[in-house]
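Enquirer: Let me begin by handing over the structure; questions about it come next.
The values are calculated or read from the model by the stated rules, or taken from the named source; none is laboratory data. The structure displayed is predicted, hence computed values, not measured ones. Note: ideal-geometry Cβ built from the backbone for every residue, glycine included; neighbour counts use all protein chains shown. Protein only, heavy atoms only, side chains kept; ligands, DNA and RNA dropped before computing areas. Shrake-Rupley method; radii C 1.70, N 1.55, O 1.52, S 1.80 Å.
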Amino acid sequence: MIVNGQRETLEAPISVTELIEERGLRPERVAVELNGDIVPRNKRSEVMLHDGDTVEIVTFVQGG
Amino acid sequence: MTFTPSATPEQTTARQQAFDSLPDPTTLVSREEIRAALLDRHTAATQDKLDAAHVAICGLGGLGSTIAVALTRIGVGHLHLIDFDRVDMTNLNRQQYFLKDLGQYKTEALRANLKQINPFTDITIDTVKVTDENVPTLFEHEDIICEAFDVPENKTMLVNAVLESLPDKKLVSASGMAGYRSSNLVHTKRVSRNFYFCGDGETAPKPGAGLMAPRVGVVACHEANMITRLILGEEDA
């Protein structure tokens, strides 16, 4: 699996929600794209990630 | 430290009077003169595309107000300005407002200031909070949506809502711009087909290195230039 351009080994499929938790990110501060498409917020716990997927996690901090 | 306003009633009245007494910009210049000046700088082929563009700017703080000024200066034809907030003294360290604007809605103050640059720009304002509920209808007329909020949860909501419900619109967002770290950490990235991200991606404000005009301006102009590129047919970051 490639996450934000870095190759990572995925032992077993995990959900997008689990990926967000595993990385210590706050779900209300990220957008996650899977193979170029947004993962809808209400689908994060059911969308599973597999080795071979390309994931972009965009995180937002304060400032504007 | 928290800023406490100290304006006297006389100062507050003087601000309102100054806000209400700006010159009518259409008496200062003709549409033809502005058009001729823009053509001199940009050529007709480029200007025609800028004239026809519709851009929505969500959030009119350090990012959004600066983006709006840049796009107005190059003659982007149609701007949709969205913010629910009013101008505060602590905004003036980075946002494109003046003392006369204190206490006014940002939508109304920015529209008035932009009209002093080009009174013929078509500007629509919405003094509302952007929510999951209004995203699908708010951007009916725009091809390009610019995320320029300050609060991370609002940034995230807008980006997710646009990508989920309006996948054919171009979306330009930003995050990571506080303090005075190197400008060279700031970049523009094409995350996916219609989604662009500007900023250093990580720097939040902290004491001594808050949100300041220079670096917020760098990121704002990354967004403004990406929007300009999209209008002119360039899709790469």
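Enquirer: Could you tell me which of the residues A:ASN35, A:ASN4 is open to solvent by 50 Å² or more (accessible area, probe 1.4 Å), under 30 Å from B:LEU211 (Cα atoms) and under 11 Å from the mean Cα position of the chain (by Cα)? Spell out the reasoning first.
Expert: On the way: A:ASN35 fails: under 30 Å from B:LEU211 (Cα atoms).
Checking each option against the conditions leaves just A:ASN4.
Enquirer: Another one. Out of the range B:31-58, which residues are of a type outside the set (A, V, I, L, M), in contact with a strand residue (DSSP E or B) (Cβ under 7 Å, 6 or more places away or on another chain) and open to solvent by less than 50 Å² (accessible area, probe 1.4 Å)? So that I can check it myself, show each step before the final result.
Expert: Within the range B:31-58, the subset of a type outside the set (A, V, I, L, M) is B:31-33, B:35, B:40-43, B:46-49, B:51, B:54, B:58.
Still in the list and also in contact with a strand residue (DSSP E or B) (Cβ under 7 Å, 6 or more places away or on another chain): B:54, B:58.
The one that is of a type outside the set (A, V, I, L, M), in contact with a strand residue (DSSP E or B) (Cβ under 7 Å, 6 or more places away or on another chain) and open to solvent by less than 50 Å² (accessible area, probe 1.4 Å): B:CYS58.
Enquirer: Condition (residue is in contact with an Asp or Glu (Cβ under 6 Å, 6 or more places away or on another chain) and under 27 Å from B:ASP143 (Cβ atoms)) applied to the range B:36-54: is it met by at least one residue?
Expert: Yes - at least one qualifying residue is present in the range B:36-54.
Enquirer: Something else about it: Name the strands (runs of 3 or more DSSP E) wholly inside the range B:166-237 in which the number of residues that are surrounded by fewer than 18 Cβ atoms within 10 Å (Cβ to Cβ), away from chain A (no Cβ under 11 Å) and touching a strand residue (DSSP E or B) at 6+ places or on another chain (Cβ under 8 Å) is 1 or more. Even if it seems obvious, please write down each step before you answer.
Expert: On the way: elements: B:170-174, B:187-192, B:195-199.
Ranges flagged: B:187-192.
Each row is one residue, and each column tells you yes or no for (1) among the charged types (D, E, K, R); (2) closer than 30 Å to A:THR59 by Cβ; (3) not in a helix (DSSP H, G or I).
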{"residue": "B:GLY103", "(1), (2), (3)": "no, no, yes"}
{"residue": "B:THR107", "(1), (2), (3)": "no, yes, no"}
{"residue": "B:PHE120", "(1), (2), (3)": "no, no, yes"}
{"residue": "B:ILE125", "(1), (2), (3)": "no, no, yes"}
{"residue": "B:ASP132", "(1), (2), (3)": "yes, yes, yes"}
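Enquirer: A further question on this structure: Can you find a residue in the range A:23-31 that is away from chain B (no Cβ under 13 Å) and either without any contact (Cβ under 8 Å) to a residue 24 or more places away in the chain or among the basic types (Lys, Arg) (or both)?
Expert: Residues of the range A:23-31 that are away from chain B (no Cβ under 13 Å), as a first pass: A:23-24.
Imposing the further condition that a residue be either without any contact (Cβ under 8 Å) to a residue 24 or more places away in the chain or among the basic types (Lys, Arg) (or both) reduces the set to A:23-24.
Taking every residue of the range A:23-31 in turn, at least one turns out to be away from chain B (no Cβ under 13 Å) and either without any contact (Cβ under 8 Å) to a residue 24 or more places away in the chain or among the basic types (Lys, Arg) (or both).
Enquirer: Taking into account only those residues within the range A:41-64 that are within 11 Å of another protein chain (Cβ to nearest Cβ) and open to solvent by 40 Å² or more (accessible area, probe 1.4 Å), which is nearest to B:CYS198 (Cα to Cα)?
Expert: Applying the filter and picking the extreme gives A:THR59.
Enquirer: Here's another thing I want to ask about it. Would you check which residues across the range A:36-64 are over 28 Å from B:ALA148 (Cβ atoms) and not β-branched (Val, Ile, Thr) and list them?
Expert: A:SER45, A:GLU46, A:MET48, A:LEU49, A:HIS50, A:ASP51, A:GLY52, A:ASP53
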